[in-house]
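To keep things clear, I will list the structure first and then write my remarks on it.
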Amino acid sequence: MTQVVVATAIMRNGQVLAQQRAFPSADAGRWEFPGGRVEPGESEEAAVVRECREELGVDVKTGQRIGPEVPLRNGMVLRLYTATLVDENAEPVAVEHSAVKWVGAGEIDDVPWLDADLAFLPDLTEIVRKDRRTNP
Ligand SMILES: Nc1nc2c([nH]c(=O)n2[C@H]2C[C@H](O)[C@@H](COP(=O)(O)OP(=O)(O)OP(=O)(O)O)O2)c(=O)[nH]1
């Protein structure tokens, strides 16, 4: 079976959360979305919630899947889900990463994302723009 890696676009007030990888060295310093491998028997939405708790110490509510399915090495595929914070005043912290930051729609293209994440940026930018209009 194909191994799915979930990535999470946590949105708040027209911004999306990015986190900076600390390892491996080839990826250190690049930015990605919180997430990781879906475990056997686990739903993709449950994996999103688990990974956000582990990596950021926050509870999220998953939304829709956006953008394409991106092939990764070793036959894995990457899928992006939107999410919101259950407690919108909770501040995500970098537990395993170097840093986290909130990125506005106009800044998304300037972030040095991992290569695979570039395929999500057009759909993501559009949805973050809409979020800014509904949650200014
Ligand atoms: N979480 C995440 N992984 C990504 C993104 N883009 C991307 O290419 N990846 C790749 C990096 C890794 O090869 C793979 C999964 O990464 P991971 O290290 O977060 O997964 P994991 O926690 O389940 O891994 P592990 O601790 O079991 O080693 O997906 C992204 O935006 N978020």
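The values are calculated or read from the model by the stated rules, or taken from the named source; none is laboratory data. Just so it is clear, the structure is predicted and the values come from calculations on it, not from any experiment. All Cβ positions, even for glycine, are placed from backbone atoms using ideal geometry, and neighbour counts span all protein chains on display. Just so you know, the surface numbers come from the protein's heavy atoms only, side chains and all, with ligands and any DNA or RNA stripped out. Shrake-Rupley method; radii C 1.70, N 1.55, O 1.52, S 1.80 Å.
The table that follows gives values for the structure above.
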| quantity | calculated |
| --- | --- |
| Quotient of Cα Rg and 2.2 N^0.38 Å for the range 73-135, N being how many residues it contains | 1.27 |
| Residue-count net charge about V49 - beta-carbon cut-off 15 Å; Lys, Arg +1, Asp, Glu -1 | -3 |
| For peptides 28-39, 47-58, sequence by mean Cβ density within 10 Å, most packed first | 47-58, 28-39 |
| Between the range 94-136 and the range 1-20, the Cα center-to-center distance that results, in Å | 9 |
| Of all accessible heavy-atom area on the chain, the percent that carbon and sulfur account for (1.4 Å) | 48 |
| Rel. contact order, % - alpha carbon contacts under 8 angstrom, at least six apart, the range 1-116 | 36 |
| Kirkwood-based Rg to Rh ratio, the chain, C-alpha trace | 0.93 |
| Over the chain: helical MRE at 222 nm, DSSP H runs n ≥ 4 each giving -39500 (n - 2.57), nearest 500 | -6500 deg cm²/dmol |
| Estimated inter-spin distance, R65 and E91, nm [label 7 Å along Cα→Cβ] | 3.5 |
